[in-house]
1. Excluding V108 itself, what net charge comes from residues whose Cβ is under 11 Å from its Cβ, given Lys and Arg +1 and Asp and Glu -1?
2. Ranked from highest to lowest mean number of other Cβ atoms within 10 Å per residue, what is the order of the peptides 222-230, 12-20, 188-196?
3. Under a Cβ-Cβ cut-off of 12 Å, what is the net charge of the residues other than D89 that fall near it, where Lys and Arg count +1 and Asp and Glu count -1?
4. At a 10 Å Cβ-Cβ cut-off, how would you order D186, D96, D218, fewest neighbours first?
5. Among D139, D114, rank each residue by its count of other Cβ atoms within 10 Å, from fewest to most, as a rough exposure measure.
6. For the pair L178 and A261, how long in nm is the line joining their label points, each one 7 Å along Cα→Cβ?
7. What is the percent of Cα-Cα separations in the stretch 138-273 that go past 24 Å?
8. Arrange the following residues from fewest to most other Cβ atoms within 10 Å of their Cβ: W276, W101.
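Computed from the coordinates by the stated procedures, all read-outs in this text should not be read as laboratory data. No experiment lies behind these values; they were computed from the predicted model shown. Here the Cβ positions follow ideal geometry from the backbone for every residue, glycine too, while neighbour counts run over all protein chains shown.
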Amino acid sequence: MGQLFRSGTVAIVGRPNVGKSTLLNRLIGSKVSITSAKAQTTRHRIVGVLTQEHAQLAFLDTPGFQTRHVGALNQVLNRTVRQVLSDADAVMLVVDAPAGWTLADERVLKLIPDDRQVILVLNKTDAAGERLALLPLVDRVRQLREFAAVVPISAQRGTQLEALIEECVRLLPPGPPLYEPDAITDRSERFLASEALREKVFRLVGDELPYTTTVVIDQFEELPHLRRIRATILVERDAHRPILLGGGGERMKRIGSEARADLERLFGSKVHLEVWVKVKGGWADTEQSLRAYGYE
């Protein structure tokens, strides 16, 4: 009798900036979730699909659970985390190992349903000496909950990821694939284009703009060897517009150029990208407005 095929969903959760999106991209070998040093870069549930000979894993990247700030946007993002946790077959709790266990980590841990199998993922670790130093951290966290496995990794360097995947597969139920074998995400190219552009805004502008800045795709035309995209970056105040444009529009040119290069690699085609900046105050103040801009 052949080996059972397993498939299911694995939620990737943790406080902001522990490396969840970097981990997802490394696991599936393609960039579907954007990354930056800015907290709350991820704002949506992103599915990354990994299909192997005997298993298919649908990894669910989530926003970092936010406890420091309130407001409609954070309420929506935190609800996304809770929903993903209630739906997933298994959970990876990602912790920034060098930073140690924090109250924010503990709050995320408490969100995970008692009946879910959880893998504790200690990110940003490499050398064996570092792993030995992690033993007190592991002992402390194990007093709070029983874990199916504890796996030290480096998402940035891609170390120990095969071991992590094996532990995930072990927790999945037998069943047919959830997605086509060549799928890498459930998100459309239009969505990926908006995210790629938003990533460049956060990476190249950083703390000069509030994290409520967002991107709207006004036009997305798919041709055999070309994607023609027209996008608008929404900022909340008139003062934010010149920050985004930069002197002589140079910063905006670089944002567009780097986003286009990423999208050409992802889509495997040429990309014609036009980007505009628009002031839209209060777009993130209510859940009704957030839904209008694609937030779940």
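1. Numbers: positive: R15, K20, R82, R107, K110; negative: D105, E106.
Overall, the nearby charge balance is +3.
2. Ranking, from highest mean packing down: 12-20, 188-196, 222-230.
3. On the way: positive: R6, R116, R170; negative: D87, D115.
So the environment of D89 carries a net charge of +1.
4. Fewest-to-most ranking of D186, D96, D218: D218, D186, D96.
5. Fewest-to-most ranking of D139, D114: D114, D139.
6. 3.4 nm
7. In whole percent, the share of Cα-Cα pairs in the stretch 138-273 beyond 24 Å is 53.
8. Working: W276 12, W101 17.
Fewest-to-most ranking of W276, W101: W276, W101.
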